[in-house]
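Trainee: Below is a structure I'd like to ask you about.
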């Protein structure tokens, strides 16, 4: 079962910052998950479009210019990074789950991935693109059929993981509060990977391992690895 650093090693370092991502690598996470919004044709790595929870700013990112946002403190002197900065940092060191938060993220993402392939030699097979907005995922699949998609859900639909199959997703990413063995078994029968968020407690790690899930999103990747190893 893989350990995916949720917004980086966010239990110990400011979430969605280069510091949190660097520390996730130090803690030998198998992958890193992050969130992006689009602003001025740039993809900013931040979970909320309101700033007060994770920075010393207030209001919405849409009330600021890109330059103004990059002057804010996102914790411990960290700045809000761009996805381009993260791709340069992470390249080849682990795989990366990019969660699309805004409804205008597809076009800038496609442009950025082309740039990363051309300028960095980036391998887009190292990426998993996820979203709760399944329309965005469907658009991505049409534009870039090679990209791996993670269909997010915070529920157990009547037809279980059928929605992810319809999207031709690589994985279904589901909430630890809802996931059960029947859902995991259905997803597996459809050939889907199952990744579960957000998992930091030992009893949940044990339960999900028994279900046969493929990976967990954890705020404490090193600690979760220790729990998993000692089971």
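What follows draws every value from the coordinates through simple rules; no lab data is involved. Everything numeric in this text was worked out from a predicted model, so none of it was measured. Using ideal geometry, Cβ is built from the backbone for each residue, glycine included, and neighbour counts are taken over all protein chains shown.
Trainee: What is the helix-to-structure angle for 202-211, meaning the angle in degrees between its Cα long axis and the longest Cα principal axis of the chain, kept from 0 to 90 and rounded to the nearest 10?
Mentor: Between helix and principal axis, roughly 60 degrees.
Trainee: Let me ask another. Pairs of alpha-carbon atoms within less than 8 angstrom and 6+ residues apart define the contacts here; what relative contact order does the chain have, in percent?
Mentor: Relative contact order here is 20 percent.
Trainee: GNM, the chain, Cα, under 10 Å: largest mean-square fluctuation among 22, 143, 33?
Mentor: For the chain, modelled as a Gaussian network with Cα springs under 10 Å, the answer is 143.
Trainee: Between helix 134-143 and the chain, what is the angle of the helix's C-alpha long axis to the longest principal axis, kept within 0 to 90° and rounded to the nearest 10?
Mentor: 80
Trainee: With an 8 Å cut-off on Cα pairs and a minimum separation of 6 or more residues, tell me the relative contact order of region 1-137 in percent.
Mentor: Relative contact order here is 23 percent.
Trainee: If you don't mind, another one. Have a look at 169, 151, 116 and tell me which one the Gaussian network model of the chain (Cα, springs below 10 Å) gives the largest fluctuation.
Mentor: 116
Trainee: Using the Cα gyration tensor of region 187-231, with a ≥ b ≥ c the square roots of its eigenvalues, what is the shape: rounded (a/c below 1.5), prolate (a/b larger than b/c) or oblate (neither)?
Mentor: Here region 187-231 falls in the prolate category.
Trainee: Moving to a separate point now. For region 67-167, calculate the relative contact order in percent as a whole number, restricting contacts to Cα pairs under 8 Å that are 6 or more residues apart.
Mentor: Relative contact order comes out at 22 percent.
Trainee: Out of (i) 22.2; (ii) 17.9; (iii) 19.0, which label holds the value of Kirkwood radius over Cα pairs in Å that was computed here?
Mentor: From the options (i) 22.2; (ii) 17.9; (iii) 19.0, the structure gives (ii).
Trainee: Choose one answer from 199, 172, 26: the residue with the largest mean-square fluctuation in a GNM of the chain with alpha-carbon springs under 10 Å.
Mentor: In this elastic network of the chain, the residue with the biggest mean-square fluctuation among 199, 172, 26 is 26.
Trainee: While we're on this one: What FRET efficiency, computed as 1/(1 + (r/R0)^6) with R0 = 35 Å and r the Cβ-Cβ distance, is obtained for residue 123 and residue 231, rounded to the nearest 0.05?
Mentor: Here the calculated transfer efficiency is 0.60.
Trainee: If one takes the longest principal axis of the Cα atoms in the chain, at what angle in degrees, from 0 to 90 and to the nearest 10, does the Cα axis of helix 106-120 lie?
Mentor: Between the helix axis and the principal axis of the chain, the angle is about 80 degrees.
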